[in-house]
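The values are calculated or read from the model by the stated rules, or taken from the named source; none is laboratory data. Given the structure is predicted, the values throughout are model-derived calculations rather than measurements. Methodologically, a virtual Cβ is constructed for each residue, glycine included, from the backbone with ideal geometry; neighbour enumeration extends over all protein chains shown.
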Amino acid sequence: MSTKSNKVIGEPMNRVDGKLKVTGAATYSAEYKLANIAYAVLVSSTITKGTIKNIDTKAAENAPGVIAVISHVNSIKVPGYQEQHGEPGQPKPAGRPLRVFYDNKVYFNGQPIAVVVAGTFERARYAASLVKVQYDKETPQTAFEENMNKAIVPEQAKQNPKAAVADYTRGTPDGYASAPVKIETEYFQPTEFHNPMELQSIIAHWETDDRLTLYDKVQGTQPTQQNFAREWQIPVENIKVISTFVGGAFGNGLRNWPHETAAIIAAKMVNRPVKLMLTREQMFYMVGYRPRTWQKINMGATQDGKLVGITHSVVGQTSSYEQFTEGTLQQTRTLYECPNISTRYRLLPLHVSTPTPMRGPGEATGAWALECAIDEMAHALNIDPIEFRLRNYPEKDPDNGKPWSSNYIRDCYKMGAEAIGWKNRKQQPGMLRDGDWQIGYGMAIGMFGANRQAAKVRGKLYGDGTVLMQCAVTDIGPGTGTAMTQIAADNMSLPVEKVTFQWGNSDFPEMGNQGGSSTVNSVGPAVVAACNSIKQKLLEMAGRNKQEFANAKMEEVMFEEGKLFPKDKSTSIAYEDILKGGGARDIDVIEGARPGSERQQYAMYAFSMHFAEVHVHAVTGQTKVAKVVACADAGRIINKKTAGNQMIGGVSGGIGMALEEEAVIDDRFGRYITKDLADYHVAVHADVPKVEVLFVDKPDLLVDPIGSKGLGEIAIIGVAPAIANAIFNATGKRIRELPITPDKLI
Amino acid sequence: MNEQEPFCPNESRRSFLKKSTVITAVALTPAAAINAANNHWDEHIAAAIENVSLSVEINGTRHTMDIDPRTSLLDLLRENLHLTGTKKGCDYGQCGACTVHVNGERVLSCLTLAATTDGSKVTTIEGLANGDELHPMQAAFIKHDGFQCGYCTPGQIMSAVACIREGHASSRDQIREYMSGNICRCGAYPNIVDAIEEVQKGGQKV
């Protein structure tokens, strides 16, 4: 068989849902119109640790239009609460997820402790302000540095000495110490919030006593379905989750949160569909964050720039009831050829809510320390930081000795250096100036596992020659629907106009979360499998009705422009005519694809390299990012427009991480001071320059048959250290605490 | 537009009326209302006070209705009229997702009490296109991929149109400055600026 392909794969095609998004017709979770809907508003704890002594809901209950006020006092029992440990198909921190309205215990400030349901939003919001709570307060601990000595070994590491967060040694423990040139540095990164523009929202609707429909803002329809099936002890098929349009997530939709259960409880108790939309302030307390992390790096190298050893220690924040860990140390083990590596991961439980993966989880944090330290060492050795990295390029994965499935990082050095104008960089900092502006260049690398999940896709070829594809996958913004349409069009040899891809519905075939940069790698191959299955059936049907194709094998025919041809092209038959001849209305298949043993044989990673030119004002300390070059070795790029946009978005997020984003907690009360977008600064238009995106664009067919390696995480990993390194190059000031605000530079 | 809740006399009326500053601000006769509550006249009175009449033209269609005076223009659009293209991103006037045009100027609908738009003309993202023909700014956003998740997009587009009309789109730097009230957490900013710049340079009527 041959299918004329690569007609649209790689093309910068406009998004298939672009028109819906620019006309306001795209429907997000809180926007479904249901009859008799009620509005829920959460009441949050104003203390950080302790118990609820008394909750006075009388005034709220009596307020106009209030249907119910629900708290631990009167909530129905959630049947799965008794045995719930972790959530199927979702990241599983050790510990127990918060059980909303379960008892009178308060674990963190802002914890949802009651929900008010009313016929209108205004009435619910007002009534929520009338709920009066008395507490027995205990002294909370939320200060990070003061409590660092209380950091603990993660449970995972205790149970499994081979766990990723267990202490790790390669070569000699603390082998850096024997090197002639040594540095010791500490880096700090504050808590950062995902803050997607869409507030976390859910409409919960019990269609019957044991059938539940959720319009929910999540990154996985089926993981959500499985979680709530377990929580409510009802069959999975009784739950339907719709998440067609998701207004950004960046990781905070990877697991289910207490507000979702609160809405489901409320809907059950008032026997109406209930809509619950968090406030922006609640988004800072209830739906996870990138945890505060302290890191220390000891690095040793020879005078000629060969790494001798790295010891990397981490303390990451978690909550008092769950242990959240992430891949902060992976790059230290993998990114450079280095004979002696020691890593140590510790957790600091505080009276805060549980962190959750945020774009480039762990790796973005780890790269912030590692890639700054590499820059510091290059400076100590007086070697160009690109040259230093090249001298320590690993020919295979130093962590396990496996060959790379692909690694074009050396191509990225060349492409990126040229695009940013690296030749203008001075090795000594503080040498370039334009008036009061000090100019500097910096770069950093990022890497992330080229992950792949099992996935299934339904493919349906209709009698009019159009194709419908369906998968339960969500699309939180990267353009999954568009990429899958392109893959299906090429593989069916049809124009994109004849292909429709539907997503975001748990009734569709299997897929887990849209997370870990795994979507194209996972769903793409399932789309191809569904196309191949349809084509096989087309050939069989044609063979029964058209002599030329009788007993023909797939390798003896061609599929081109919606038609089936024999190899010699002596005849052809359109898909529509094959169906007509076979008396079939359609061809309907469900096919899956899953990773295989190649995963054990190769080290599979996507790589990014970011180059930044910054201008730092010598008087005010203001940093302007003048230009960024974002280079990605992410395998085959399906759509250069949407993929390029994803890289740009990672740079925007990285600029925020480098220069602006910082959660500040008032440790007297355990409450965030930065709890809205005026105090918690994210990058805005004025902060983000033109970004030049470069793709290596070489398929990695070992990762998956599409050849893609994933993009979402590497887009941000390395941006913050690239900017920090550029600031050092501009000013000679090495700032090791994010964000790099003007006060740290004057 | 309020759904009518059943009559249920209760004790909370007094505090409800005293504490609702919004009602105090726009109520017809606040003193009388509080007096009524003190006398347990209750839900009927509350229901009356929770209704102010509003006549507003939205996307060329006049809507006349009674609304809860606490209703923001944003919630009026989204919840009462089901014009959900206008987005709630913070409800504090800090993100720009709810940007609409009132009498031709960009405003944050979350910070605008619906009652204050009586007699106004409101344009939302749903009213920007000319039938099936997209507004040039909408077309440029698609072409330049000025969005990812799409949630901030209606606000960005409404702001972008206003930005050109105001004469604040003469350079990329000026566009970036005058668009900085519209946050895009997906970070598609340079593409948005590309779209605005193209429309501005194209000289089409916006």
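When you check B:Thr86 against the structure, is it buried (at least 23 other Cβ atoms within 10 Å of the Cβ) and within 11 Å of chain A (Cβ to nearest Cβ), yes or no? It is true that B:Thr86 is buried (at least 23 other Cβ atoms within 10 Å of the Cβ) and within 11 Å of chain A (Cβ to nearest Cβ).
When residues in the range A:377-403 are screened for being under 15 Å from A:His312 (Cα atoms) and buried (at least 20 other Cβ atoms within 10 Å of the Cβ), 1 of them pass. Filtering the range A:305-343 to residues that are without any contact (Cβ under 8 Å) to a residue 60 or more places away in the chain and assigned to a loop (DSSP other than H, G, I, E, B) leaves A:Glu326, A:Thr328.
For (1) under 27 Å from A:Ile203 (Cβ atoms); (2) in a loop (DSSP other than H, G, I, E, B); (3) in contact with a Pro (Cβ under 8 Å, 6 or more places away or on another chain), each residue gets a yes or a no:
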position: A:Leu98; (1), (2), (3): yes, yes, yes
position: A:Tyr102; (1), (2), (3): yes, yes, no
position: A:Gly110; (1), (2), (3): yes, yes, no
position: A:Val115; (1), (2), (3): yes, no, no
position: A:Glu122; (1), (2), (3): yes, no, no
position: A:Arg125; (1), (2), (3): yes, no, no
position: A:Leu130; (1), (2), (3): yes, yes, no
position: A:Tyr135; (1), (2), (3): no, no, no
position: A:Gln141; (1), (2), (3): no, yes, no
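Among all positions in the range A:629-647, there is no residue which is touching a Pro at 6+ places or on another chain (Cβ under 8 Å), over 30 Å from A:Val467 (Cβ atoms) and not in a loop (DSSP other than H, G, I, E, B). Might you let me know whether the range A:220-230 holds any residue that is within 18 Å of the chain's Cα centre (by Cα), within 14 Å of chain B (Cβ to nearest Cβ), on the phi < 0 side of the Ramachandran plot and of a type outside the set (Val, Ile, Thr)? No - not one qualifying residue is present in the range A:220-230. Residues considered: A:Asp687, A:Asp666, A:Asp700. Of these, the only one that is facing chain B (nearest Cβ under 10 Å) and more than 21 Å from the chain's Cα centre (by Cα) is A:Asp687. All of B:Met158, B:Met179 fail the test of being within 19 Å of the chain's Cα centre (by Cα) and within 8 Å of another protein chain (Cβ to nearest Cβ), apart from B:Met179. Among the residues of the range A:609-647, the ones that are hydrophobic (A, V, I, L, M, F, W, C), surrounded by fewer than 22 Cβ atoms within 10 Å (Cβ to Cβ) and more than 14 Å from chain B (Cβ to nearest Cβ) come to 2 in all.
So that you can scan it fast, the table gives a plain yes or no per residue for (1) under 12 Å from B:Val206 (Cα atoms); (2) more than 7 Å from chain A (Cβ to nearest Cβ); (3) in contact (Cβ under 8 Å) with a residue 24 or more places away in the chain:
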| position | (1), (2), (3) |
| --- | --- |
| B:Pro136 | yes, yes, yes |
| B:Gly146 | no, yes, yes |
| B:Cys149 | no, no, yes |
| B:Arg165 | yes, yes, yes |
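Filtering A:Arg452, A:Arg433, A:Arg458 for residues that are under 29 Å from the mean Cα position of the chain (by Cα) and not in a loop (DSSP other than H, G, I, E, B) leaves a single hit, A:Arg458. The single residue among A:Glu83, A:Glu61 that is crowded, with 16+ Cβ neighbours inside 10 Å and either modelled with pLDDT under 95 or not in a loop (DSSP other than H, G, I, E, B) (or both) turns out to be A:Glu61.
B:Val199 meets the conditions (1) touching a Cys at 6+ places or on another chain (Cβ under 9 Å); (2) under 27 Å from A:Val691 (Cα atoms); (3) more than 10 Å from every other protein chain (Cβ to nearest Cβ) in every case but one. The failed one is (1). Within the range A:346-360, does at least one residue satisfy the condition of being within 21 Å of A:Gln156 (Cα to Cα), part of a helix (DSSP H, G or I) and touching a His at 6+ places or on another chain (Cβ under 6 Å)? The answer is no, given that none of the residues of the range A:346-360 is within 21 Å of A:Gln156 (Cα to Cα), part of a helix (DSSP H, G or I) and touching a His at 6+ places or on another chain (Cβ under 6 Å). Being out of contact with any strand residue (DSSP E or B) (no Cβ under 7 Å at 6 or more places or on another chain) and outside any helix (DSSP H, G or I) is the filter; apply it to the range A:648-663 and report the residue that is farthest from the other protein chains (Cβ to nearest Cβ). Restricting to residues being out of contact with any strand residue (DSSP E or B) (no Cβ under 7 Å at 6 or more places or on another chain) and outside any helix (DSSP H, G or I), the top hit is A:Glu662. Only a single criterion out of (1) away from every other protein chain (no Cβ under 14 Å); (2) out of contact with any Lys or Arg (no Cβ under 8 Å at 6 or more places or on another chain) is not satisfied by A:Trp503, namely (1). A Cβ distance below 7 Å, combined with a sequence gap of six or more or placement on separate chains, defines the contacts here; from the range A:682-709, residues that are surrounded by 19 or more Cβ atoms within 10 Å (Cβ to Cβ) reach residues that are acidic (Asp, Glu) and assigned to a loop (DSSP other than H, G, I, E, B) in the pairs A:Val682/A:Glu660; A:Val682/A:Glu661; A:Ala683/A:Glu660; A:Gly707/A:Asp700; A:Lys709/A:Asp700. Condition first: surrounded by fewer than 19 Cβ atoms within 10 Å (Cβ to Cβ) and within 12 Å of chain B (Cβ to nearest Cβ). Now tell me which residues in the range A:121-136 satisfy that. Hits for the range A:121-136 are A:Arg125, A:Ser129, A:Lys132. Quick check on this structure: which one of B:Arg70, B:Arg62 is in contact (Cβ under 8 Å) with a residue 12 or more places away in the chain and charged (D, E, K, R)? That would be B:Arg70, the only listed residue that is in contact (Cβ under 8 Å) with a residue 12 or more places away in the chain and charged (D, E, K, R).
Per-residue answers, yes or no, for (1) in a strand (DSSP E or B); (2) away from chain B (no Cβ under 14 Å); (3) without any contact (Cβ under 8 Å) to a residue 60 or more places away in the chain:
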site	(1), (2), (3)
A:Ala25	no, no, yes
A:Asn36	no, no, no
A:Val43	yes, yes, no
A:Thr48	no, yes, no
A:Thr51	yes, yes, no
A:Ile55	yes, yes, no
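Among all residues of the range A:587-599, there is at least one that is within 25 Å of the chain's Cα centre (by Cα) and buried (at least 22 other Cβ atoms within 10 Å of the Cβ).
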